[in-house]
Structure formats: structure tokens, C-alpha cells
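First comes the structure, then the notes that go with it.
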Amino acid sequence: MENYKNKVLEATAYLKARIKTNPCVGMLTGTGLGESAQSLRISASFDYENIPNFPVSTVQSHQGRLLTGDIQGCAVMAMQGRFHLYEGYTPAEVTFPIRVMQEMGVNILILSNAAGGLNSEFKAGDIMLITDHINLTGANPLIGPNEDSWGIRFPDMSAAYDKELISIAASAAKSKGLSVRRGVYAGLKGPSLETPAEIRFLKTIGAEAVGFSTVQEVIAAIHAGMRVLGFSTITNVHDPDNPSPATLEEIIEVAKRATPVLEKIIRKVIKKINETKSS
């Protein structure tokens with residue numbers, strides 16, 4: 001753990017020496033959603049491969065850049081592309097950016113992902129506010145010695161997704177004439193997509209969207225004391241009785257089409273956060 005923390009501190013020092021203002025909000029975007037950070041007035045841009053000890057994205061549509069700048073008067077750090085267990089990364093590597101954000105002073109984390117819909121009322125292109133998650137990856141970034149300076153040994157997960165931020169996001173969407181869903185996200189390891197039997201199981205246990213990311217980062221963020229807001233872009237809706245093959249290209253295309261909607265909501269949410277912080 002000491003070696004891991006030293007790597008985090010080295011990456012943090014590299015970034016702090018090159019940016020003007022430490023961020024208070026962190027953004028982490030998923031498949032096809034990199035442009036949801038387009039409201040950011042960029043002050044600095046870093047390729048992951050140039051940041052000491054940083055993992056590198058290997059998935060199509062994950063741009064692999066860390067941006068810092070300003071959205072609606074709020075200092076933001078945005079990651080265009082994330083890391084996954086199915087790429088061969090460990091939970092510690094997947095959540096490495098969250099620890100860097102923590103050391104940079106981030107206290108609010110906004111995540112987005114592309115997910116398959118499990119609720120029959122959903123349709124492709126919907127935005128779902130994540131209200132809770134089910135970790136089915138068999139992994140957890142907190143396994144091993146606890147770093148007490150980062151968080152407590154047994155962090156409470158009863159309200160992992162901040163209710164106030166969910167309410168702000170819902171109001172932001174309504175003010176823009178946009179509708180959003182709410183639901184539970186199931187996180188799997190991947191990369192093979194779900195079988196019809198697995199879809200039935202996931203629906204039975206209360207999941208309304210499924211994907212291969214997010215849960216590791218959220219666990220680390222809660223351990224770090226961050227408030228978390230999560231979005232799933234529903235790229236396809238699963239019907240286990242009439243299964244239809246899904247391709248990565250189709251998923252990326254739907255996610256990209258939904259990006260302008262997501263971007264509007266995030267911009268409004270950050271504006272509200274900054275107004276609340278200033279009052």
C-alpha cells in the first residue's frame with residue numbers, strides 16, 4: 001500500500017506543478033461519452049501515458065486524456081476514458097485516478113457510463129440517474145491493507161449515490177425540458193456481454209441497467225469521502241425472450257447521440273453546485 005500511495009503522490013505532484021487551480025469536481029466519462037466534458041474551458045490537457053504511473057486506456061472511444069479547467073465557474077478535472085477490470089487492470093489500478101483526484105482536493109465525483117437497459121420501459125438513448133449499484137465483479141478496490149489517511153476500513157455504502165445531487169440533476173434535466181430515468185446499476189467484470197439467463201437474473205435482483213465499470217470507482221470515492229453522482233446512458237434494452245446481438249460500434253453510436261443531453265444536465269448540475277458553494 002505504501003508503494004501504491006507513493007505512485008499516487010507522484011502523479012499528483014506532476015499534475016499540481018502544471019495546473020493553476022486545484023479542482024473541486026471530478027468527472028469520469030465512459031464509452032462514447034468523452035464529449036460530455038465539452039463544456040469545460042480547458043486550461044491544461046494531459047495524455048494518460050504522460051502522467052507518472054497512470055494506467056492507459058485500451059478501449060475504443062476512450063480518448064485517454066485528463067483535462068483540467070472550468071465549467072460554470074467551478075474548477076473541474078475531467079477524465080476522457082476510464083480503466084476496466086476486463087482490460088486486465090487490478091481494482092487498485094482501475095481506481096488510481098480516484099486517488100489522484102482525492103489528493104488533488106476533489107470532493108464531488110460525477111461519473112457516466114454506457115449501459116444496457118434491463119427495465120422494459122427504458123429505450124435506447126435514455127439517461128438514467130444511478131440511485132444504487134450491485135457489485136457483481138467479485139472485486140473490491142479496498143481489499144488489502146487500509147490506507148487510514150484516505151478513509152476508514154469499513155466505509156458505509158447505504159447512500160453511495162448522493163440524494164441531493166440526484167435531486168439537483170433531476171431538476172436540471174426538468175429545467176431543460178429533458179426527462180431522465182432513475183435506477184439501480186449492476187456492475188459486471190466483462191468483457192463478454194450478458195446471456196439471456198443472466199439478464200433474467202439481473203432483473204430478478206432489482207437491476208435496471210448493466211455495465212462493466214463504475215462500481216470500483218464509486219467504492220473508492222466513498223472511501224475517500226466524496227459525494228457521488230452517476231449517470232448511465234442506456235445504449236440498448238435487453239429482452240431475454242427475444243435476444244438481439246449488440247456490437248460495440250452500435251453502443252458507441254447511441255452513447256454519442258445521447259451526449260448532448262448528458263452534457264446539458266452536467267453543466268447545469270455543476271452550475272448549481274458552484275452557486276451552493278458560493279452562497
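The values are calculated or read from the model by the stated rules, or taken from the named source; none is laboratory data. Note that the structure is a prediction, hence the values are computed from the model and not measured. Note: ideal-geometry Cβ built from the backbone for every residue, glycine included; neighbour counts use all protein chains shown.
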(request) For region 222-265, name all the residues that are among the β-branched types (V, I, T) and modelled with pLDDT under 90. (result) T247, I251, I252, V254, T259, V261
(request) Among what's in region 100-120 and is crowded, with 24+ Cβ neighbours inside 10 Å and in contact with a Lys or Arg (Cβ under 8 Å, 6 or more places away or on another chain), pick the residue that is farthest from A17 (Cα to Cα). (result) L118
(message) Filter region 40-55 down to the residues that are out of contact with any helix residue (DSSP H, G or I) (no Cβ under 7 Å at 6 or more places or on another chain) and surrounded by fewer than 16 Cβ atoms within 10 Å (Cβ to Cβ) and list them by number.
(response) R41, I42, S43, A44, S45, D47, E49, N50
(message) Take the conditions modelled with pLDDT under 95 and in contact with a helix residue (DSSP H, G or I) (Cβ under 8 Å, 6 or more places away or on another chain) and apply them to S61. Does it pass?
(response) yes
(message) Which pairs turn up if I take residues in region 1-25 that are closer than 16 Å to N146 by Cα and look for partners that are aliphatic (A, V, I, L, M) with beta carbon separation below 7 Å, at least 6 apart in sequence or on another chain?
(response) Y4/A92; V8/V100
(message) One residue is enough: does region 248-262 have a residue meeting the conditions under 30 Å from P145 (Cβ atoms) and either charged (D, E, K, R) or outside any helix (DSSP H, G or I) (or both)?
(response) no
(message) Six or more apart or on different chains, Cβ atoms under 6 Å: show the pairs whose first residue is in region 175-195 and closer than 14 Å to N119 by Cβ and whose second is β-branched (V, I, T).
(response) V180/I127; R182/T131; Y185/I130; A186/I134; A186/V210
(request) Would you please name the residue that is surrounded by the most Cβ atoms within 10 Å (Cβ to Cβ), looking only at residues in region 142-151 that are more than 22 Å from the chain's Cα centre (by Cα) and of a type outside the set (D, E)? (result) N146
(message) If I ask for residues that are among the charged types (D, E, K, R) and either surrounded by fewer than 20 Cβ atoms within 10 Å (Cβ to Cβ) or farther than 15 Å from M128 by Cβ (or both), which ones from region 206-264 would you list?
(response) E217, R227, D239, D241, E249, E250, E253, K256, R257, E263, K264
(request) Given the conditions (1) at pLDDT 90 or above; (2) closer than 18 Å to I108 by Cβ; (3) part of a loop (DSSP other than H, G, I, E, B), report the number of the one that G26 does not fulfil. (result) (3)
(request) With the condition kept exactly as written, say whether any residue in region 163-170 is within 28 Å of A92 (Cβ to Cβ), in contact (Cβ under 8 Å) with a residue 24 or more places away in the chain, touching a helix residue (DSSP H, G or I) at 6+ places or on another chain (Cβ under 8 Å) and surrounded by 15 or more Cβ atoms within 10 Å (Cβ to Cβ). (result) yes
